[in-house]
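The values are calculated or read from the model by the stated rules, or taken from the named source; none is laboratory data. Treat the numbers as computed from the prediction; the structure is a model and nothing was measured. Ideal geometry is used to build each Cβ from the backbone, glycine not excepted, and the neighbour counts take in all protein chains shown. Note: accessible area is taken over every heavy atom of the protein model, side chains too, but ligands, DNA and RNA are not part of it. Shrake-Rupley method; radii C 1.70, N 1.55, O 1.52, S 1.80 Å.
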Amino acid sequence: MKIGIVCYPTFGGSGVLATELGKALAQKGHMVHFITYQQPVRLNGFLPNIYYHEVQVPTYPLFDYPPYETALSSTMVDVIKNNQLDLLHVHYAIPHASAAYMAKQILKKEGKEIPVITTLHGTDITLVGKDKTYAPVVTFSINESDAITAVSENLKEETNKNFKIEKPIEVISNFVDVKRFSRKPIDAFKKVIAPKGERILLHASNFRKVKRVQDVVKIFAGVNKQIPSKLLFVGDGPERSTAENLARELEVCDEIRFVGKQEQMEDILAIADLFLLTSEYESFGLAALEAMAAGVPVVSTNAGGLGEINVQGKTGYMSDVGDVEDMTEKAIEILKNDKNLKAFKEHAASHAKKFDIHNIIPLYEKLYKKFL
Ligand code: GMT
């Protein structure tokens, strides 16, 4: 098949998922055309069967806001026509679903039918999409898609609760390449982070408000009082300085490292003992699944779809949003001795296999085939 994939090229979960999907489809022999405004971060190196089309957004003094959506639709039309694409798969509704609708209409006038599949990822529905500034366009363009998928049961429910959706939403869960994340720790790297063999805790996100990174710092401060430990913060975003200031206040700054945005997550996860995800909402929590695939247990909130991946008392623990005390206790419970930690690590790694890429890609292929 010749498939167009539209996504955000950044470190966000939706872009990561879309890129990994495209790479896996290409490996299976499909021709995959990425249409984005930048090279997706996970699209590194040359891969046969993968094409990349950059959306150019010309500016003009009149534009306070350059019309990205218009440029995106036009690029979609161009790529679909010139590469005879069979379908367009857009990830994250805003503005990809409405841009795809426009492209579809333009092509229809020219006698070409292009099926559009929209995959909903989370904040396109729960945080941004339901805002009344966007809601009418989001509702319309989701309904105009030929197929709608959501990355978790929870997101499907949230979508049906917040929007009047006229079509069935298929849940195709997020996935992880288990093999890629089954890495041996690099001893030298581990020594740099935890020279005295301290436990290593990890948080990775875009540091937006919804992630509640201040809770991560509080949990770590509690754990560190009882268990010698270090905290790695991966990623960057608006709440980073809040986290840093709190770390200073709680006098744990020397035990924390902010390593910024990182591409080699598998090497970082390989040295970690515990992943913390304190979000107010996660439609799925791809970062937590990647941690589990690397054999890292997860202490998280029970928000959104996290309960669909984290198994209470097995792969980690879940607590109510903001219940820092409980999450601290649970983290200590996991880390308190090697035997316990080993059991949680094994459960995490084995549960992640359920979401292995090889189990999920055929579901997307089956969906695509319906439209050919
Ligand atoms: O978490 C973010 O803010 C990034 C966002 C995105 O779209 O890039 O992530 C969402 O999609 C991921 C991939 O499907 C999910 O794993 C995340 O849970 C979801 N984030 C939220 O729902 C907050």
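Shown for the chain: the carbon plus sulfur share of the solvent-accessible area, taken with all protein chains present and a 1.4 angstrom probe, equals 51%.
Residue pairs exceeding 31 angstrom between C-alpha atoms, taken from Lys196/Lys345; Lys2/Lys167; Lys184/Lys354; Lys209/Lys370; Lys211/Lys370; Lys211/Lys354: Lys209/Lys370; Lys211/Lys370. Solvent exposure of the chain, expressed per residue, is 45 Å² of accessible area, with all protein chains present and a 1.4 angstrom probe. For helix 13-27, report the angle its Cα long axis makes with the longest principal axis of the Cα atoms of the chain; keep it between 0 and 90° and round to the nearest 10°. With rounding to tens, the tilt is 70 degrees. Using DSSP to define loop residues, name the GluC sites (Glu not before Pro) in segment 114-191 whose beta-carbon has at most 13 other beta-carbon atoms within 10 Å. Sites meeting the loop and neighbour criteria: Glu166. Highest GNM mean-square fluctuation among Gly295, Gly45, Gly235, for the chain modelled with Cα contacts below 10 Å: Gly45. Its Cα centre serving as origin, segment 178-354 has a Cβ charge dipole (Lys and Arg +1, Asp and Glu -1) of approximately 680 debye. Helix 357-369 versus the longest principal axis of the chain: what angle, 0 to 90°, nearest 10, using Cα atoms? In the chain, helix 357-369 runs at an angle near 20 degrees to the longest axis. Rounded to the nearest 10 degrees, the angle from helix 324-335 to the longest Cα principal axis of the chain is 70 degrees.
In the assembled protein chains, Glu346 presents an accessible area of approximately 100 Å² (probe radius 1.4 Å). Of the residues Pro228, Pro136, Pro66, the one that moves most in a GNM of the chain with alpha-carbon contacts below 10 Å is Pro66.
A 1.4 Å probe, protein heavy atoms only, puts the accessible area of Arg240 near 60 Å². Derived from the Cα gyration tensor, the three semi-axes of the equivalent ellipsoid of the chain are 38, 21, 20 Å, largest first. Of the options Thr278, His91, Thr123, report the single residue whose Cα projects farthest towards the positive end of the charge dipole of the chain (beta-carbon charges: Lys, Arg +1; Asp, Glu -1). Farthest towards the positive end: His91.
With the convex hull drawn around the C-alpha atoms of segment 178-354, the volume per residue stands at 99 Å³. About the centre of its Cα atoms, the chain shows a dipole size close to 820 debye [charges on the beta carbon of Lys, Arg (+1) and Asp, Glu (-1) only; nearest 20 debye]. Each part reduced to its alpha carbon centroid, segment 44-106 and segment 186-236 end up 38 Å apart.
As a test of the formula, what do you get for the chain when each DSSP H run with n ≥ 4 contributes -39,500 (n - 2.57) and the sum is divided by the residue count, at 222 nm and rounded to the nearest 500 deg cm²/dmol?
Numbers: 15 runs with 161 residues, N = 372.
Helix contribution divided over all residues of the chain: -13000 deg cm²/dmol.
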